[in-house]
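Here is the structure we will look at, set down as structure tokens.
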Amino acid sequence: MSSSQHIRQSMDTLASHFATHPQDALTQDKQAVATLVSGLRFRVTGPTGESLETDMPKAIGGNAEAPSPGWFMRAALASCETTVIAMRAAQLGIALTTLEVIVGSQSDSRGLLGEPASVPAGPSRIHVAVRIAADGVPEQDLRDLVQWAEAHSPVGTALRRAIPLDVAVQVGQA
């Protein structure tokens with residue numbers, strides 16, 4: 001079975017299951033736990049042993065030995081977009097020959113420093129560029145595929161809408 005066929009079959013099975021058991025679609029997402037390594041370097045781990053490290057640029061006090069958390073946000077968006085595009089292409093029977101998603105953003109670094117207070121921390125604009133091709137598939141069909149994926153990308157939709165963010169603080173040793 002080809003990769004596309006496997007993806008399509010898996011998605012069809014899951015969609016059929018959720019159609020008859022919608023309660024199974026509601027899940028608690030896996031946690032990411034960030035722990036101080038040193039300075040501004042952190043190790044982030046998941047429940048099954050996955051891990052990554054972040055650091056900040058030297059200009060802000062880091063050692064620039066790992067990507068920043070903001071870069072990982074852009075990487076998550078790029079990866080999610082390509083994944084959803086590829087999944088939808090498999091559903092539609094489209095064999096992609098090219099798929100590349102480039103994500104950039106624009107930020108005002110003063111927001112991270114809190115000065116002035118009116119400048120928000122983080123990106124003020126995110127730009128996504130998609131390069132896509134498939135032999136024998138009309139351009140409009142590929143544009144429609146990307147538009148559908150944009151509307152269904154979990155990371156992309158999370159970034160486009162306000163999500164309640166609850167913060168609990170525990171002071172002291174764990």
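Determine Rg/Rh for the range 1-90; Rg is computed over alpha-carbon atoms and Rh is the Kirkwood hydrodynamic estimate from the same atoms.
Ratio value, two decimals: 1.13.
How would V146, V169 rank on accessible area, largest to smallest, probe 1.4 Å?
Highest to lowest solvent-accessible surface, that is V169, V146.
Determine the sum of side-chain charges near V130: Lys and Arg each +1, Asp and Glu each -1, restricted to other residues whose C-beta is under 15 angstrom from that of V130.
-2
With a 10 Å cut-off between alpha carbons and a GNM built on the chain, which of G70, G46, G93 moves the most?
Comparing G70, G46, G93 in the GNM, the peak value goes to G46.
To the nearest 500 deg cm²/dmol, what mean residue ellipticity at 222 nm is calculated for the chain from DSSP H runs of n ≥ 4 alone, each contributing -39,500 (n - 2.57), summed and divided by the residues?
-12500 deg cm²/dmol
Carbon-plus-sulfur fraction of the accessible area of the range 1-62, 1.4 Å probe, in percent?
The value for the range 1-62 is 57 percent carbon and sulfur by accessible area.
Run the Debye formula on the Cα coordinates of the range 15-174, all scatterers equal and no solvent, and tell me log10 I(q)/I(0) at q = 0.11, 0.12, 0.14, 0.21 1/Å.
-0.64, -0.75, -0.97, -1.45
So what is log10(I(q)/I(0)) for the range 81-139 at q = 0.13, 0.14, 0.26 1/Å, when the Debye sum runs over its Cα atoms only?
Computed log10 I(q)/I(0) values: -0.52, -0.55, -1.00.
Per residue, what accessible area does the chain have, given a 1.4 Å probe and all protein chains present, in Å²?
So the chain comes to 71 Å² accessible per residue, rounded to a whole number.
GNM on the chain, C-alpha springs below 10 Å: top fluctuator among G49, G104, G122?
The residue that fluctuates most here is G49.
Take the Cβ-Cβ distance between A133 and Q170 as r, set R0 to 35 Å, and report the resulting FRET efficiency rounded to the nearest 0.05.
Result of the calculation: an efficiency of 0.10.
If you stretched the chain out fully between S2 and A15, how much longer would it get, using 0.36 nm times the residue separation minus the C-alpha to C-alpha distance?
In short, 2.7 nm is gained.
Order 76-87, 53-64, 130-141 from most to least packed using the mean count of other Cβ atoms within 10 Å.
Averaged packing, sorted descending, gives the order 76-87, 53-64, 130-141.
Mind telling me which of S118, S109, S153 comes out most flexible in a GNM of the chain, alpha-carbon contacts under 10 Å?
S118
The values are calculated or read from the model by the stated rules, or taken from the named source; none is laboratory data. It should be emphasised that the depicted structure is a prediction, and the values quoted were computed from it without experimental measurement. All Cβ positions, glycine included, derive from the backbone under ideal geometry; neighbour counts span all protein chains shown. Heads up: the accessible areas ignore ligands, DNA and RNA and are worked out on the full protein's heavy atoms, side chains in. Shrake-Rupley method; radii C 1.70, N 1.55, O 1.52, S 1.80 Å.
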